[in-house]
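The values are calculated or read from the model by the stated rules, or taken from the named source; none is laboratory data. What you see is a predicted model, and the numbers here were worked out from it, not measured in a lab. Because the Cβ atoms are built from the backbone with ideal geometry, glycine has one as well, and the counts that use them run over all protein chains shown.
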Amino acid sequence: MKNIFACIVMIICFLFAAPLYAQDARVVGNLVAAGDAAFQRFDNQAAMESYQKGLEIDPQCYEATWKLARAYIDLGEKLTDKEQRKEYYLKAHELAKKAVEIKPEAAKGHLYLSISLGRVALDAGGKEKVRLSKEIKSEVDRTLAIDPNDDIAWHVLALWNRNISTLSWIEKQFANIFLGGVPKEASVEKAVECLEKAIQIKNDNLNHHLELGITYEVLDKKDLAIEEYEKVMELPISDSDDKDHKAKAEESLKRLKP
């Protein structure tokens, strides 16, 4: 009798809970969509707030989690205070790790885990930068294994190659400690290949062309660098950072074409 009663209670609870769960799912979906719309109009603060509200309702929502990590990275890039910027990047790192835990077979969590670590590395000292590089490479490799057509992942891999292959003498000593030496597969030429792959996937991304121009300069290929910077100036703005990308390209063109 007790078992029958318990079953009846469970059925009643399920019947009441199911509509509530469906309602919550709709609300979270609407909040993620609102965040996406804000992201498209370059309002990263509004995007962050929408994704955060979605996570408050459903802490296991994968889309809201990795997109909130992306919002923290985008907002962090605009901060001038180094400590505050690091705080945003570490928050992005925490969220990206959570996204990987929620859905390890999906690419975006791994991608933004690599990007958040890369942003932390930019402000870090040589020792920490080299130490983080190993995890950055691991996560971007996982991203590309899942989705080989993710242009941003190819971009991240390109910067990893360029940064590792142009380490200072002291950073190379740290690489000996943390990486067992500078990875032999890393090269500036490989960085060019990765950026060309990113451009093949998404030709209208200004940052791909900007970084390719910078990489060509490292290789002393001035004419090719100029071509990429001019491409940056020609392309329309499609990202919140594109005004900065155009400003950098314009400055480089003035320097290379006096």
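Would you point out which residue out of Ala153, Ala96, Ala158 is over 20 Å from Lys202 (Cα atoms), of a type outside the set (Phe, Trp, Tyr), in a helix (DSSP H, G or I) and under 16 Å from the mean Cα position of the chain (by Cα)? Can you show your working first?
Details: Ala153 fails: over 20 Å from Lys202 (Cα atoms); Ala158 fails: over 20 Å from Lys202 (Cα atoms).
That would be Ala96, the only listed residue that is over 20 Å from Lys202 (Cα atoms), of a type outside the set (Phe, Trp, Tyr), in a helix (DSSP H, G or I) and under 16 Å from the mean Cα position of the chain (by Cα).
Scanning for something in a helix (DSSP H, G or I), modelled with pLDDT of 95 or more, small (Gly, Ala, Ser) and within 22 Å of Ile199 (Cβ to Cβ), does the stretch 116-135 turn up at least one residue? Looking for residues that are in a helix (DSSP H, G or I), modelled with pLDDT of 95 or more, small (Gly, Ala, Ser) and within 22 Å of Ile199 (Cβ to Cβ), one finds none in the stretch 116-135, hence no. Within the stretch 222-251, if we keep just the residues that are over 21 Å from the mean Cα position of the chain (by Cα) and among the small types (Gly, Ala, Ser), the residue that is farthest from Phe42 (Cα to Cα) turns out to be Ala225.
For the stretch 128-138, does any single residue satisfy the condition of being β-branched (Val, Ile, Thr), under 26 Å from Ala25 (Cα atoms) and touching a residue at least 24 places away in the same chain (Cβ under 8 Å)? No, because not a single residue in the stretch 128-138 is β-branched (Val, Ile, Thr), under 26 Å from Ala25 (Cα atoms) and touching a residue at least 24 places away in the same chain (Cβ under 8 Å). Exactly one residue out of Ile57, Ile102, Ile115, Ile73 is surrounded by fewer than 18 Cβ atoms within 10 Å (Cβ to Cβ), closer than 22 Å to Val156 by Cβ and of a type in the set (Val, Ile, Thr), and it is Ile102. Condition check: within 22 Å of Glu250 (Cα to Cα), surrounded by fewer than 19 Cβ atoms within 10 Å (Cβ to Cβ), at pLDDT 85 or above and not charged (D, E, K, R). Does Ile226 satisfy that? Criteria met by Ile226. Restricting attention to the stretch 238-258, the residues that are assigned to a helix (DSSP H, G or I), small (Gly, Ala, Ser) and surrounded by 15 or more Cβ atoms within 10 Å (Cβ to Cβ) add up to 2. Cβ-Cβ distances below 6 Å connect the following pairs, each with a first residue in the stretch 196-210 that is touching a residue at least 40 places away in the same chain (Cβ under 8 Å), a second residue that is in a loop (DSSP other than H, G, I, E, B), and a separation of six or more residues or different chains: Ile201/Asn149; Leu206/Leu235.
Matching residues to (1) over 25 Å from Ser138 (Cβ atoms); (2) touching a residue at least 12 places away in the same chain (Cβ under 8 Å); (3) of a type in the set (D, E, K, R):
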position: Ala25; (1), (2), (3): yes, yes, no
position: Tyr51; (1), (2), (3): yes, yes, no
position: Asp58; (1), (2), (3): yes, yes, yes
position: Ile73; (1), (2), (3): no, yes, no
position: Gly76; (1), (2), (3): no, yes, no
position: Lys86; (1), (2), (3): no, yes, yes
position: Lys97; (1), (2), (3): no, yes, yes
position: Lys103; (1), (2), (3): no, yes, yes
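Exactly one residue out of Ala96, Ala34 is in contact with a His (Cβ under 9 Å, 6 or more places away or on another chain), within 28 Å of Ser238 (Cβ to Cβ) and either modelled with pLDDT of 95 or more or surrounded by fewer than 16 Cβ atoms within 10 Å (Cβ to Cβ) (or both): that is Ala96. Select from the stretch 192-237 the residues that are in contact with an Asp or Glu (Cβ under 6 Å, 6 or more places away or on another chain), of a type outside the set (Lys, Arg) and outside any helix (DSSP H, G or I) and list them in ascending order. Passing the criteria: only Leu235.
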